Amino acid sequence: MMLRSGLGDLRRRLLSSLHSRPASLGEPGPVVSFCFDDFPLTAYTGGGAILKRYGARGTYYVAMGLMNTSNHLGDHFRRQDLDSLLTDGHELACHTYSHISCRAVPFRVFEDDFNRGKDAIRKITGCEPANFSYPFGHVTLTAKKRVGAQVSSSRGIYAGVNAPMTDLNLLRANGLYGDVNRFAAMDALIVRNQKQRGWLIFYTHDVRPNPSEFGCTPELLEQVVSSVLARGCRINPVDQVVRRVRMSSTGPSNL
């Protein structure tokens with residue numbers, strides 16, 4: 001067990017340090033982004049409704065191959081949900097097409113699926129997905145280098161706050177799972193982000209009263225959203241923050 005943990009820490013350090021695209025956070029913080037992976041329907045009907053009630057919007061990392069399917073996360077999105085989500089002002093981002101791990105297949109296969117996912121979003125909605133997150137949070141050095149060059153940002157699941165510098169090829173993000181008994185841990189992250197004037201990213205999947213182990217209850221999400229705003233943090237989709245980070249790093253004339 002200790003050996004496995006040590007190897008995991010080594011992999012994390014290597015992936016965090018190599019093929020990076022560092023960017024100064026500048027002055028956008030403290031800001032928080034709420035992300036929903038895979039796109040189970042309750043992420044929109046439950047999670048999106050909560051964000052909208054507070055005047056906020058989120059980022060939905062969609063695996064288009066999951067459309068009209070059901071699994072342990074519940075029913076997934078339908079075609080009409082994509083239009084509704086975009087009309088409401090949320091961001092639609094890429095999560096591959098088939099939700100495959102880049103550690104489980106040759107990179108060529110993964111890259112083809114990544115491109116298929118982007119193409120499907122573009123074909124069905126007409127929007128260009130600028131940002132990406134790795135299914136299962138699995139990252140390889142090859143994927144980080146090659147995929148990172150094709151998108152505005154790539155997000156993993158390594159916990160922490162993006163501050164004062166951020167790696168646009170592997171954004172840090174924190175799982176928002178469970179019920180209100182997890183609120184204290186989430187609130188501690190919000191306080192840390194507030195002090196660092198950083199960028200805090202939360203991610204989850206389904207949002208329902210009895211969530212999967214990868215989802216959260218509406219009560220937990222609402223408490224976290226309320227705390228974020230009460231502590232003076234803005235809530236922005238990932239793409240909006242990335243645009244400000246790039247402007248801070250390169251100047252408005254290069255956008």
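The values are calculated or read from the model by the stated rules, or taken from the named source; none is laboratory data. Since the structure is predicted, the reported quantities are computational estimates derived from the model, not experimental observations. Positions of Cβ are backbone-derived with ideal geometry, glycine not excepted, and every protein chain shown enters the neighbour counts.
A few notes on this one:
- Where residue 212 falls short, out of the listed (1) modelled with pLDDT under 95; (2) outside any helix (DSSP H, G or I); (3) polar (S, T, N, Q): (1)
- Residues that are part of a loop (DSSP other than H, G, I, E, B) and modelled with pLDDT of 90 or more were ranked within the range 8-29; the one that is nearest to residue 85 (Cα to Cα) is 21.
- Residue in the range 30-62 that is nearest to residue 91 (Cα to Cα), counting only those that are more than 14 Å from the chain's Cα centre (by Cα) and in a loop (DSSP other than H, G, I, E, B): 56
- Condition met for residue 217 (touching a Leu at 6+ places or on another chain (Cβ under 6 Å) and either farther than 18 Å from residue 33 by Cβ or touching a residue at least 40 places away in the same chain (Cβ under 8 Å) (or both)): no
- Residue match in the range 183-196 (condition: surrounded by fewer than 17 Cβ atoms within 10 Å (Cβ to Cβ), out of contact with any helix residue (DSSP H, G or I) (no Cβ under 8 Å at 6 or more places or on another chain) and not in a helix (DSSP H, G or I)): no
- The range 153-170 residues that are touching a residue at least 24 places away in the same chain (Cβ under 8 Å) and on the phi < 0 side of the Ramachandran plot, paired with ones that are of a type in the set (Val, Ile, Thr) and not in a loop (DSSP other than H, G, I, E, B) (beta carbon under 6 Å, 6 or more apart): 153/242
- Top-ranked residue of the range 56-108 - restricted to ones that are among the polar types (S, T, N, Q) and buried (at least 20 other Cβ atoms within 10 Å of the Cβ), ranked as nearest to residue 130 (Cα to Cα): 59
- Take the conditions (1) more than 15 Å from residue 136 (Cβ to Cβ); (2) touching a strand residue (DSSP E or B) at 6+ places or on another chain (Cβ under 7 Å); residue 83 misses just one of them, which is (2).
- Within the range 171-182, the set of residues being in contact with a helix residue (DSSP H, G or I) (Cβ under 8 Å, 6 or more places away or on another chain) and either without any contact (Cβ under 8 Å) to a residue 24 or more places away in the chain or assigned to a loop (DSSP other than H, G, I, E, B) (or both) comprises 176, 179.
- Residue that is hydrophobic (A, V, I, L, M, F, W, C) and over 30 Å from residue 188 (Cα atoms), where the choices are 139, 161, 151: 151
- Just one of the listed residues (144, 118) is closer than 21 Å to residue 65 by Cβ, surrounded by 16 or more Cβ atoms within 10 Å (Cβ to Cβ) and either aliphatic (A, V, I, L, M) or touching a residue at least 24 places away in the same chain (Cβ under 8 Å) (or both), and it is 118.
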